[in-house]
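First the structure, in the form of structure tokens, and then the observations on it.
The values are calculated or read from the model by the stated rules, or taken from the named source; none is laboratory data. If you're wondering where the values come from, they're calculated on a predicted model, not measured in any experiment. Note that each Cβ is placed from the backbone with ideal geometry, even for glycine, and that neighbours are counted across all protein chains shown. All accessible areas refer to the heavy atoms of the entire protein, side chains included, with ligands and DNA or RNA removed. Shrake-Rupley method; radii C 1.70, N 1.55, O 1.52, S 1.80 Å.
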Amino acid sequence: MRLDHADKCPAPRDFMAKSLIGLMILAGLAAGPAAAQAPGQVSPGQPGRGMSAAPATDAAAAPGPRAARPRPKRVVAPSQPIQVYDARIEAGDLRISGSVRKAGTVVILDEDISVMADSRGRFLFRLPYRPATCVAALKAGEDEREAVVANCAPAGEPGPKGDAGPQGEPGPQGLAGLAGAPGVAGPAGEAGPKGEAGPKGEAGLKGETGPQGPIGPKGDVGPKGDVGPKGDSGPKGDTGSRGAAGPQGEPGAAGITASAATSTLRPVRNETCSSGGCELSCDSGEAFVSAYCLSSGSPSFANGGASASCPSDAKGMVGFCSRL
């Protein structure tokens with residue numbers, strides 16, 4: 001009964017065989033990647049572990065994953081503190097544009113020309129200028145760099161000196177320059193020889209008489225001087241009005257004769273008075289009997305009446321000396 005049933009139902013036996021073969025193929029495929037990654041190790045699907053060698057052969061024949069190739073590193077140029085976008089000569093102007101690290105930085109060209117960077121740090125030079133060597137030197141703070149100028153040719157060596165041209169006509173005379181500052185005085189020279197006396201010049205005009213000075217203090221009486229020569233008699237003065245009669249005096253002593261009086265009196269006179277006044281003196285053994293100051297003033301006597309003087313406002317004085 002069982003054989004008959006087996007003969008009649010062969011399908012379950014074939015199904016199990018096919019299922020077993022499929023499981024073995026799947027196990028070999030699963031062991032293939034592991035064998036490819038670690039060829040030195042023995043996987044569970046390799047011989048020696050009770051597994052067939054067929055799946056291992058199929059796994060070895062299967063291609064493994066490709067190894068990753070190293071990518072070349074990109075070379076990045078170092079960033080310069082001063083970037084130059086354009087440097088050329090065009091239309092008669094030098095044009096240099098670029099940028100700096102900080103906005104508002106002053107950029108200097110060839111230590112002479114300067115501009116200020118804008119809010120984005122960009123700058124622009126545009127002016128009629130040519131660097132002598134066609135290499136522009138830029139400076140911004142502590143940063144410096146050089147830039148070669150396109151469309152520029154450096155100045156060549158000077159050529160040979162040419163022949164002198166014909167002489168031109170003289171130009172008009174220029175304006176006189178300003179006077180220079182005076183120079184420092186030189187040392188004094190030696191004194192020259194004394195020259196001859198020149199001719200005597202003409203006498204100048206007489207100056208006006210100055211005002212009379214104040215009267216000085218009265219000085220001490222000087223020594224008695226010599227009697228001067230008798231002066232000329234002055235003009236007779238006008239007769240004054242007759243005065244009133246005075247009271248009658250007491251009778252005087254008997255007088256001497258006129259001849260005796262004339263012989264004992266000697267008149268003296270001084271008609272000029274200096275700023276110090278006038279002065280008259282009698283001879284030795286004589287004394288003034290009377291003295292008068294002309295014009296104004298009163299006489300004063302000294303030396304026991306041997307000398308008399310008048311103030312400076314008097315025009316002269318007259319006196320009479322008599323022997324003692």
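Miscellaneous remarks
Yes or no, residue by residue, for (1) of a type in the set (Val, Ile, Thr); (2) within 19 Å of Pro154 (Cα to Cα); (3) in contact with a strand residue (DSSP E or B) (Cβ under 6 Å, 6 or more places away or on another chain):
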| position | (1), (2), (3) |
| --- | --- |
| Asp93 | no, yes, yes |
| Lys102 | no, no, no |
| Thr105 | yes, no, yes |
| Leu109 | no, yes, yes |
| Ala117 | no, no, yes |
| Tyr129 | no, yes, yes |
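Quick grid of which residues meet (1) within 56 Å of the chain's Cα centre (by Cα); (2) open to solvent by 100 Å² or more (accessible area, probe 1.4 Å); (3) of a type in the set (Lys, Arg):
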residue	(1), (2), (3)
Ala153	yes, no, no
Gly165	yes, no, no
Ala181	yes, no, no
Gly195	yes, no, no
Glu208	no, yes, no
Gly231	no, no, no
Lys236	no, yes, yes
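- Pair list, Cβ < 7 Å and 6+ apart or interchain, from region 105-118 residues that are open to solvent by 70 Å² or more (accessible area, probe 1.4 Å) to residues that are outside any strand (DSSP E or B): Met116/Gly104
- Close pairs from region 233-244: first of a type in the set (Gly, Ala, Ser), partner assigned to a loop (DSSP other than H, G, I, E, B), Cβ under 9 Å, at least 6 apart: Gly234/Glu271
- Region 277-317, subset among the aromatic types (Phe, Trp, Tyr) and farther than 17 Å from Gly228 by Cα, residue modelled with the highest pLDDT: Phe301
- Per-region count, region 295-320, residues assigned to a strand (DSSP E or B), touching a residue at least 40 places away in the same chain (Cβ under 8 Å) and open to solvent by 40 Å² or more (accessible area, probe 1.4 Å): 1
- Qualifying positions in region 260-279 - of a type in the set (A, V, I, L, M, F, W, C) and closer than 21 Å to Pro217 by Cβ: Cys273, Cys278
- Test result for Gly225, open to solvent by less than 100 Å² (accessible area, probe 1.4 Å) and without any contact (Cβ under 8 Å) to a residue 60 or more places away in the chain: yes
- Search result, residues across region 266-276 that are modelled with pLDDT under 85 and of a type outside the set (Val, Ile, Thr): Glu271, Cys273, Ser274, Ser275, Gly276
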